[in-house]
Amino acid sequence: MFESLFADPALLLPFILIGFAAQLVDGALGMAFGVISTTLLVGLGVPPAAASAGVHTVESFTTGVSAISHVAHKNVNWRLFMRIVIPGIIGGVLGAYVLTQIPADTARPLVLGYLMLVGLYLLWRGATHRHTERQPKVVEPLGLAGGFLDAAGGGGWGPIVTSNLLVQGSNPRMTIGTVNTAEFFLTVTISATFIATLGLAAFTIATLGLLIGGVLAAPFGALIAKRIAADYLLVMVGIVLTLTSAWGLWRAFG
């Protein structure tokens, strides 16, 4: 890898840009790093298995930087954090086990269809200024389901947890920051064995580029979440959730 990189450093640039864009969206809206980066990598000719391995490896680092940034910008509700992180880790461990026993592809289209409807609903609420803030009541089950689907289905923590907390009236900025911060612990738990077994073999040029771009973008995502008004955040979450879910459905049935 490094020999070809030294010969032509420009090989790294497309992957840095992908990592930067994907993490900027994920850090600001609490979802979509995996979907955006994997889709663009495959579009550039990276084999799907290699793209997935690289993205999961990078997320272990970018979620850590994103968490630090959200904490620094005071975007974290620590009470809510404690309510989602422990069930999320439990769900992640269960999902990782189920993935080795039962294929999760059958449930994925149903989850994506549900998330697309949630995205449209959040988009409507943000556009019509109908988001009334209140304390969410259903929290722990969301953490459990989000962690489970993230491990078993290849993604789902941000879309499941962030979107459903927002539906219940949770503050958009604090929700995004809290879910992003909790995701670091979830990602490390799910990926620990995966990273240990891959070792340096996981670090292709694509992985290195994603890592550089993602780490550079992480502070900006937290700043965007802090500065943008709640209704606009809700609209952007709705758009990203709807588009990524629709893309997932198209790939599942296409």
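The number of residues in region 115-131 being at pLDDT below 80 and out of contact with any helix residue (DSSP H, G or I) (no Cβ under 6 Å at 6 or more places or on another chain) comes to 1. For first residues located in region 33-52 and modelled with pLDDT of 75 or more, partners that are of a type in the set (Gly, Ala, Ser) and not in a helix (DSSP H, G or I) and lie 6+ apart or on another chain with Cβ distances below 6 Å form the pairs Gly34/Gly155.
Given the options Gly154, Gly147, name the one that is among the small types (Gly, Ala, Ser) and at pLDDT 80 or above.
The conditions single out Gly147.
The values are calculated or read from the model by the stated rules, or taken from the named source; none is laboratory data. Since this is a predicted model, take the numbers as computed values, not measurements. FYI the Cβ positions are ideal-geometry reconstructions off the backbone, even for glycines, and counts take in every protein chain you see.
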